[in-house]
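Before any comments, here is the structure.
The values are calculated or read from the model by the stated rules, or taken from the named source; none is laboratory data. Treat the numbers as computed from the prediction; the structure is a model and nothing was measured. For neighbour counting, all protein chains shown are included, and Cβ atoms are generated from backbone atoms with ideal geometry for every residue, glycine included. Heavy atoms of the whole protein, side chains included, go into the accessibility calculation; ligands, DNA and RNA do not. Shrake-Rupley method; radii C 1.70, N 1.55, O 1.52, S 1.80 Å.
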Amino acid sequence: MIKYETTFILEPGFDEGKVNEEIERVSQWIRDLGGEVLEIQRWGKKRLAYEIGKKRDGIYTLMLYQAAGPTVKELERRLRLNESVMRVLTVVHIPPELTIAKADPEAVAAAEEADE
């Protein structure tokens with residue numbers, strides 16, 4: 001199974017109870033489809049980069065989970081059908097330690113020599 005990150009934006013008018021209900025619904029979908037929820041990050045209400053349906057704000061949530069490919073496709077389908085979800089984005093999770101570029105000592109030395 002592969003780790004995925006799904007970020008979705010909910011309607012800005014929801015209260016805390018409704019937001020928790022929607023997050024729990026998505027978590028249950030992942031479990032029902034054979035996945036495992038690893039982490040939920042509630043980013044809260046934030047300003048959108050552009051208007052979506054005449055709305056300037058949205059409630060952001062990021063879910064990190066482990067699942068098979070078909071699970072992700074079905075989850076995104078269900079989220080897009082949910083009228084309270086404004087946008088959805090799913091990407092493969094890459095651990096932060098793998099994204100940090102490791103400098104080659106020889107390349108660093110060559111770059112320093114070129115600057116002199």
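Against the definition (closer than 16 Å to Val85 by Cβ and within 17 Å of the chain's Cα centre (by Cα)), how does Ile52 come out, yes or no? Here the answer is no, as Ile52 does not meet what is asked.
Checked against (1) in a strand (DSSP E or B); (2) in contact (Cβ under 8 Å) with a residue 60 or more places away in the chain; (3) not aliphatic (A, V, I, L, M), Thr61 passes all but a single condition, namely (2). Annotation: of all residues in segment 27-47 being among the β-branched types (Val, Ile, Thr) and part of a strand (DSSP E or B), the one that is nearest to the chain's Cα centre (by Cα) is Ile40.
What about Ile40, is it open to solvent by 60 Å² or more (accessible area, probe 1.4 Å), of a type in the set (Val, Ile, Thr) and at pLDDT 90 or above? Against the criterion (open to solvent by 60 Å² or more (accessible area, probe 1.4 Å), of a type in the set (Val, Ile, Thr) and at pLDDT 90 or above), Ile40 qualifies.
Consider segment 70-81 and keep the residues that are under 25 Å from Pro95 (Cα atoms) and open to solvent by 50 Å² or more (accessible area, probe 1.4 Å). The one that is modelled with the lowest pLDDT is Pro70.
Going through (1) under 20 Å from Tyr4 (Cα atoms); (2) open to solvent by 50 Å² or more (accessible area, probe 1.4 Å) one by one, Tyr50 falls short only on (1). Residues of segment 1-30 that are free of Cβ contacts under 8 Å to residues at least 60 places away in the same chain, in contact with a strand residue (DSSP E or B) (Cβ under 7 Å, 6 or more places away or on another chain) and surrounded by fewer than 14 Cβ atoms within 10 Å (Cβ to Cβ): none at all. Against the criterion of being among the small types (Gly, Ala, Ser) and exposed (fewer than 15 other Cβ atoms within 10 Å of the Cβ), Ala67 does not qualify.
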